[in-house]
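Values in this text are rule-based calculations from the coordinates and carry no lab data. None of the values given here were measured: they were computed from a predicted structure. Methodologically, a virtual Cβ is constructed for each residue, glycine included, from the backbone with ideal geometry; neighbour enumeration extends over all protein chains shown.
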Amino acid sequence: MKKPSFFSKLTVGGDDYFDDAAHPIALEGEGSERHMHMAPRRSDDAASSSDEPHGELAVDVYQTPDAIVVKALVAGVQPTSIDISLTREMLTVTGTREDEREVEEDNYFQRELYWGSFSRTILLPEEVDVELAEASEKHGILMIRLPKINKKKQTKLKVRSR
């Protein structure tokens, strides 16, 4: 039997190639719709601090001339239950989407929506001004605007005599 190539191990996941990896990569979709996702942590992962499943928040990150913008779909999440931590180089968004169950689990035909806690940490491509950052939510879309630090900005200092 022919040993699978490195590429086939990545795309098909053959031979449990990622057994020793902390966060294996999963490829989903086809063609231009193909996306890479980090697979969920294994239950024996030492970094996993609770037994509760933890989802990853899907985001769009883009830049304008003066800011980095992060958008995330947070429909069904109360704005007060979203926690945003920010440094000049990194953004972390955590929260919980509460399920208001109307029926028992046995009565579902299909169940695709994610309910529970979620988080996402993003390493920012440029340093941002933490003091001027803004976050807003409208129609279930969280928008975080992170003004870039202008490293080329110069100023003149006057020397005062005492």
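Can you pull out the chymotrypsin sites (Phe, Trp or Tyr not before Pro) in region 94-129 that DSSP calls coil and that have at most 11 other Cβ atoms within 10 Å?
On the way: sites: Tyr108, Phe109, Tyr114, Trp115, Phe118; in loops: Tyr108, Phe109, Tyr114, Trp115.
Sites meeting the loop and neighbour criteria: Tyr108, Phe109.
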- Message: How much length would be gained if the chain were fully extended between Asp60 and Asn150, taking 0.36 nm per residue of separation minus their Cα-Cα distance, in nm to one decimal?
- Response: 30.1 nm
- Query: Quick one: Karplus J couplings for region 123-128, per residue in order, coefficients 6.51, -1.76, 1.60, θ = phi - 60°, nearest Hz, x for Gly and Pro?
  - Reply: 7, 7, x, 9, 5, 10
- Item | Using a Förster distance of 41 Å, the FRET efficiency for Asp129-Arg101 (Cβ separation, nearest 0.05) | 0.45
